[in-house]
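Asker: Provided herewith is a single structure, encoded as structure tokens, for subsequent inquiry.
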């Protein structure tokens, strides 16, 4: 998994920012009621856009993998760790999840 990711994103290539989607993300933050009135397909496309941005920054990290495993197997022990470590593992888990979803979609195409 890591080698393939490095090949695809080796040069730090993030997906280009899309002002349309960036405006919709801002709308969601600033005016949630207006965002909710948008169509379901539009909201799904915004989520997919954000996921692709998150997936692009994923980088396999054995230490974070171990801590992620700890959080799943022994949440009571994980809860005793420093808050900044727990936050980092949560961010890592989110980018890993996004990466896996995007990879599955790419393989399905």
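The values are calculated or read from the model by the stated rules, or taken from the named source; none is laboratory data. Quick caveat: nothing in here was measured; it's all calculated off a predicted structure. Here the Cβ positions follow ideal geometry from the backbone for every residue, glycine too, while neighbour counts run over all protein chains shown.
Asker: With the requirement that a residue be part of a loop (DSSP other than H, G, I, E, B) and either at pLDDT 90 or above or in contact with a helix residue (DSSP H, G or I) (Cβ under 9 Å, 6 or more places away or on another chain) (or both), what does region 13-42 give you?
Answerer: If the condition is that a residue be part of a loop (DSSP other than H, G, I, E, B) and either at pLDDT 90 or above or in contact with a helix residue (DSSP H, G or I) (Cβ under 9 Å, 6 or more places away or on another chain) (or both), then 13, 14, 15, 17, 18, 31, 37, 38, 39 are the ones that fit.
Asker: Of everything in region 76-93, what is in contact with a helix residue (DSSP H, G or I) (Cβ under 8 Å, 6 or more places away or on another chain) and outside any loop (DSSP other than H, G, I, E, B)? Give them in sequence order.
Answerer: Once the filter is applied, which keeps residues that are in contact with a helix residue (DSSP H, G or I) (Cβ under 8 Å, 6 or more places away or on another chain) and outside any loop (DSSP other than H, G, I, E, B), region 76-93 yields 77, 78, 85, 86, 88, 89, 92, 93.
Asker: I've got another one for you. Residue under question is residue 71, and the condition is that it be in contact with a helix residue (DSSP H, G or I) (Cβ under 8 Å, 6 or more places away or on another chain), modelled with pLDDT under 95 and assigned to a helix (DSSP H, G or I); does it hold?
Answerer: No.
Asker: Please pick out the residue among 45, 64 that is assigned to a helix (DSSP H, G or I), at pLDDT 95 or above and either touching a strand residue (DSSP E or B) at 6+ places or on another chain (Cβ under 6 Å) or surrounded by 13 or more Cβ atoms within 10 Å (Cβ to Cβ) (or both).
Answerer: Exactly one residue qualifies, and that residue is 64.
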